[in-house]
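Everything on this sheet refers to the single structure shown next.
The values are calculated or read from the model by the stated rules, or taken from the named source; none is laboratory data. Owing to the predicted nature of the structure, the values given are computational and were not obtained by experimental measurement. Note that we place each Cβ from the backbone using ideal geometry, even for glycine, and neighbour counts take in every protein chain shown.
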Amino acid sequence: MSALMHFSKNNRVASTRSSEGAAKNSPGCRSGPNDSQTSATTVSPKFLYTSFGSGRSCDAQSMKSSGLPESSLISKYEIREVLGFGSAGRVHVAVDVTTGKEYACKIVTERTAQEVQLREVELIRQLDHPNIVSYRDHFFCEDGLLHIVTELVRGTDLMSAIQERGSYAEEDAREVVGQLLSALNHVHSKGIAHRDLKPENVLVLTGDHTRVKIIDFGLGGQIRDGAVFTTACGTPNFVAPEVVQEIPRYGTACDVWSVGIILYVLLSGDFPFKAPNVPALISLIRRGVLRFRDPAWELVSSEAKLLVQSLCTIDQQQRPSAGSALRSCRWLNS
């Protein structure tokens, strides 16, 4: 895992830049022994994605878009300017020719990535929440390329917003974290875990640095009937301790830990766990001892610090769910 994390020289918030212009720390996954939940597929040297235990094949036949036949879907949209590029393809503006409404259309030009992208489609098509970028359609064109149409959100990623400001004011951080927990409450009700929640996977809408939407369920998974995940996935700075154990066994609570780390970064502009390399960082995460020694914390209320500590409870069984944190936290409801 030593190549999966970028550290700045001073260990403050820093990140690499992806080809799409958004700040990104490279995620990765390590399959556990006899992992029944996920099977890994290499998409590029930087990224390793996983499927989930749905028991269904994610090929073109089993994942046809519902509703209109594909020939109608192809003619439904006019593909316009390029918004960005990624390892699997490019993203365009797509206009519904009937309504004139704009959407984002990811064209998966890397054919080896199509199965991975279809797995993500199978997750996001189950979700409907104002703080999650919404699924619209997917289809294959005559050239065999997969097109995925989603809500178009104009803005930047949360990491860039934090870097621009240094840190967030407490009232602004409250707004952001409340939206993230509300979205996760919905996601987790479906048995879905994001498994790579971090500021780079949160979009901040143009014109309002407190309105956010979660993106990129590429490492997401779904469990049912008391099953657990057994694959180590995520980005080191934001991964939960149960995910990086020698034999990982965990559930959706891993995302709640990630929100706690995001809140820590929002309020301080710094990471809670800092080390010269990833193995040392993982060791600190497993111990899970949070400290609030930076001078930035002198201006943060005790209630906000208590929420960080609660969301980052080391024992996943004792960690609050996203819903319970929303209902019971005085700081969130003040």
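Couple of notes before you dig in:
- Test: residue in region 286-295 that is in a helix (DSSP H, G or I) and either of a type in the set (S, T, N, Q) or at pLDDT 95 or above (or both): yes
- Screening ASP255, ASP196, ASP208, ASP216 for residues that are in a loop (DSSP other than H, G, I, E, B), of a type outside the set (Val, Ile, Thr) and closer than 22 Å to GLN316 by Cβ leaves exactly one candidate, ASP196.
- Of residues in region 306-334 being of a type in the set (D, E, K, R) and farther than 19 Å from PRO241 by Cβ, the one surrounded by the fewest Cβ atoms within 10 Å (Cβ to Cβ): ARG330
- Some residue of region 223-241 being surrounded by 20 or more Cβ atoms within 10 Å (Cβ to Cβ), of a type in the set (Asp, Glu) and under 30 Å from LEU118 (Cα atoms): no
- Among residues of region 238-263 that are more than 9 Å from LEU197 (Cα to Cα), those with a beta-carbon under 6 Å from a residue that is part of a helix (DSSP H, G or I) and of a type in the set (Lys, Arg) at least six positions away or on a different chain give the pairs PRO241/ARG286.
- Checking THR150 against (1) within 18 Å of GLN222 (Cα to Cα); (2) in contact with a Cys (Cβ under 9 Å, 6 or more places away or on another chain); (3) of a type in the set (Val, Ile, Thr), the condition it does not meet: (1)
- Of all residues in region 159-193, those being closer than 25 Å to ASP225 by Cβ, among the small types (Gly, Ala, Ser) and either in a helix (DSSP H, G or I) or in contact with a Phe, Trp or Tyr (Cβ under 8 Å, 6 or more places away or on another chain) (or both) number 3.
- Condition check for ARG224 on (1) under 19 Å from ILE124 (Cβ atoms); (2) of a type in the set (Lys, Arg); (3) in contact with a helix residue (DSSP H, G or I) (Cβ under 8 Å, 6 or more places away or on another chain): one failure, at (3).
- Only one of the listed residues (HIS129, HIS138) is of a type outside the set (Phe, Trp, Tyr) and part of a strand (DSSP E or B). That residue is HIS138.
- Looking across region 271-283, the residues that are surrounded by fewer than 17 Cβ atoms within 10 Å (Cβ to Cβ) and within 18 Å of GLU242 (Cα to Cα) come down to PRO279, ALA280, SER283.
- LEU267 fulfils the conditions (1) crowded, with 24+ Cβ neighbours inside 10 Å; (2) under 14 Å from the mean Cα position of the chain (by Cα); (3) not hydroxyl-bearing (Ser, Thr, Tyr) except for a single criterion, (2).
- Against the criterion of being of a type in the set (S, T, N, Q) and part of a strand (DSSP E or B), THR150 qualifies.
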